[in-house]
Amino acid sequence: MKKQVSVPFMVSGILFCVCLILANFLESKLIQIGPVQATGGLIIFPVAYILNDCIAEVWGFRKARLVIWTGFLMNFFAVIIAQLAIALPSAPYYEHQEAFATVFGATLRISIASFIAFLVGSFLNAYVMSKMKIASHGKGFGIRAIASTMIGESADSIIFFPIAFFGVIPFEDLLVLIVSQASLKTIYEIIILPVTYKVVKFVKKVDGSDVYDENISYNVLKIQEV
């Protein structure tokens, strides 16, 4: 019997990967709105965590693990292709090579920071979501979504900013970025929570899936266990 592909799962995985690739290119821009400082990734990165919540909630940790590693590899692939495009010689009439390299040429330091922070934050998010679902017997989705995002986003910011910007940005500003970024992403999750809840409810109904991660391995390297 052939295995059928879950269309909602496939779409969620694709969106997750797209959000990560966009966030990686947007992270290099520092923005300030009033007193609040953050990176350009704030625009899209929280959506990846919301999708992570949905995937872990509906299909469980094992499917979330697969999507997280897929997102990591797609992000890495995008960075390599961007570097290749930058390295290729420009046409004689092309005048924007420097700007192109600035936008798409994330430094090795920022790329490493982004990859490590993403893996730690995403797996923590999925793990907390999974464990809390079992402990609460599937109740209190909103609390689980917010708690998992808060832990995952905090870990992401604590890892990313020191690796990416220590010695480049004053230490006090670095602390502000860590706190503001994690806080804003969590607030984002809270604001969008009613939509997330409706989406999860709809997907569970359409897909007929509502996994409880009992007796599974949380080893992040066991990708073959799907």
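On the given criteria, is G71 more than 30 Å from G142 (Cα to Cα), surrounded by 13 or more Cβ atoms within 10 Å (Cβ to Cβ) and either without any contact (Cβ under 8 Å) to a residue 60 or more places away in the chain or not hydroxyl-bearing (S, T, Y) (or both)? Against the criterion (more than 30 Å from G142 (Cα to Cα), surrounded by 13 or more Cβ atoms within 10 Å (Cβ to Cβ) and either without any contact (Cβ under 8 Å) to a residue 60 or more places away in the chain or not hydroxyl-bearing (S, T, Y) (or both)), G71 does not qualify. So, in segment 49-63, of the ones that are closer than 20 Å to L22 by Cβ and among the aliphatic types (A, V, I, L, M), which residue ends up surrounded by the most Cβ atoms within 10 Å (Cβ to Cβ)? For segment 49-63, the residue satisfying everything is I55.
Taking the conditions exactly as written (over 18 Å from the mean Cα position of the chain (by Cα), assigned to a helix (DSSP H, G or I) and among the aliphatic types (A, V, I, L, M)), does V206 satisfy them or not? Before the answer, list the steps.
Working: over 18 Å from the mean Cα position of the chain (by Cα): yes; assigned to a helix (DSSP H, G or I): yes; among the aliphatic types (A, V, I, L, M): yes.
Criteria met by V206.
Could you tell me which residue of segment 164-187 is nearest to A113 (Cα to Cα), considering only residues that are among the aromatic types (F, W, Y) and open to solvent by 70 Å² or more (accessible area, probe 1.4 Å)? That would be F166.
Exactly one of (1) out of contact with any Leu (no Cβ under 7 Å at 6 or more places or on another chain); (2) surrounded by fewer than 19 Cβ atoms within 10 Å (Cβ to Cβ); (3) not small (G, A, S) is unmet by V128. Its number? Tallying (1) out of contact with any Leu (no Cβ under 7 Å at 6 or more places or on another chain); (2) surrounded by fewer than 19 Cβ atoms within 10 Å (Cβ to Cβ); (3) not small (G, A, S), V128 fails exactly one: (2). Answer with yes or no whether M10 is modelled with pLDDT of 90 or more and surrounded by fewer than 16 Cβ atoms within 10 Å (Cβ to Cβ). Considered against the rule, which asks whether it is modelled with pLDDT of 90 or more and surrounded by fewer than 16 Cβ atoms within 10 Å (Cβ to Cβ), M10 comes out as yes.
Here is the figure for segment 25-36: residues that are touching a residue at least 40 places away in the same chain (Cβ under 8 Å) and open to solvent by less than 50 Å² (accessible area, probe 1.4 Å) total 2.
Consider L22 carefully, then state whether it is part of a helix (DSSP H, G or I) and without any contact (Cβ under 8 Å) to a residue 24 or more places away in the chain. Write out each step before concluding.
Details: part of a helix (DSSP H, G or I): yes; without any contact (Cβ under 8 Å) to a residue 24 or more places away in the chain: yes.
Yes: the conditions hold for L22.
The values are calculated or read from the model by the stated rules, or taken from the named source; none is laboratory data. If you're wondering where the values come from, they're calculated on a predicted model, not measured in any experiment. Positions of Cβ are generated from backbone atoms using ideal geometry, with glycine treated the same way; all protein chains shown enter the neighbour counts. With ligands, DNA and RNA removed, areas are computed over all heavy atoms of the protein, side chains included. Shrake-Rupley method; radii C 1.70, N 1.55, O 1.52, S 1.80 Å.
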